[in-house]
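Accompanying notes for the structure given below.
Here, each number is a calculation from the coordinates, and none is a lab measurement. Quick caveat: nothing in here was measured; it's all calculated off a predicted structure. Cβ placement follows ideal geometry from the backbone for every residue including glycine, while neighbour counts extend to all protein chains displayed.
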Amino acid sequence: MADDKTLRSPQDSSRIALGEDYEVAYWTKKFGVTRDELEKAVKAVGNGAEAVEEYLKR
């Protein structure tokens, strides 16, 4: 089954897909950051949600 873009949370909650606007909206809200901050974190530590969360807590 294809990804349902109307879902509020990501299909794979362990990874952050910056190419999907609905996922970016979910993660920026969850972490309380801007898109730019989220992109910087993913670039620094990869797209693993736990690693990004740890990076953003610093």
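Structure notes:
- Computed E for Lys57/Asp12 - FRET, C-beta separation, R0 25 angstrom, nearest 0.05: 0.70
- Scanning residues 5 or more positions from Arg15 or on other chains, those with amide H under 5 Å from its amide H are Ala49, with H placed 1.01 Å from N in the peptide plane.
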